[in-house]
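The values are calculated or read from the model by the stated rules, or taken from the named source; none is laboratory data. The shown structure was predicted, so the numbers you read here are calculated from the model rather than taken from an experiment. Glycine also receives a Cβ, built like all others from the backbone with ideal geometry; neighbour counts cover every protein chain displayed. Just the protein is used for accessible areas: all its heavy atoms, side chains included, with ligands, DNA and RNA removed. Shrake-Rupley method; radii C 1.70, N 1.55, O 1.52, S 1.80 Å.
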Amino acid sequence: MKYLLVIAVVWIAFMIWRANRRDEIARKQPPAGLPRNRTPGEPQSMLRCAHCGLHLPAADALPGPDGKVYCSPAHRSAGPA
């Protein structure tokens, strides 16, 4: 019975050590789908949608016929709120 208890304690300690080791390895790896050596780009100016008020990058904004910017074609056709 004494040996069974010792084996159980060693097994539990090994499982805890193994779980901690996996966590350390997972923290060191970048998330899937992201490039490993990603450098930040230049900051972009943010514009506000005239219909819903959403802030979006100027590169993604859609100009409207009234000179305002919109976040989607549906908001552009709906016009200002």
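Just a few scattered comments:
- Each of Leu62, Gly41, Val9 was scored by the projection of its Cα onto the charge dipole of the chain, and the greatest displacement toward the positive side belongs to Val9; charges sit on the C-beta of Lys, Arg, Asp and Glu.
- If the chain linking Asp66 and Trp17 were pulled fully straight, counting 0.36 nm for each residue of separation and taking away their Cα-Cα distance, it would gain 11.3 nm.
- Ligands, DNA and RNA left out, the accessible area of the chain computed with a 1.4 Å probe is 61% carbon and sulfur.
- Dipole magnitude for the chain: about 520 debye, using +1 per Lys or Arg Cβ and -1 per Asp or Glu Cβ, origin at the Cα centre.
- Other residues within the sphere of radius under 14 Å centred on the Cβ of Ala58, judged by their own Cβ, net out at 0 (K and R +1, D and E -1).
- Among the listed options [x] 16.1; [y] 12.7; [z] 17.9, the one matching Kirkwood radius over Cα pairs in Å as calculated from these coordinates is [z].
- Solvent exposure of the chain, expressed per residue, is 88 Å² of accessible area, with all protein chains present and a 1.4 angstrom probe.
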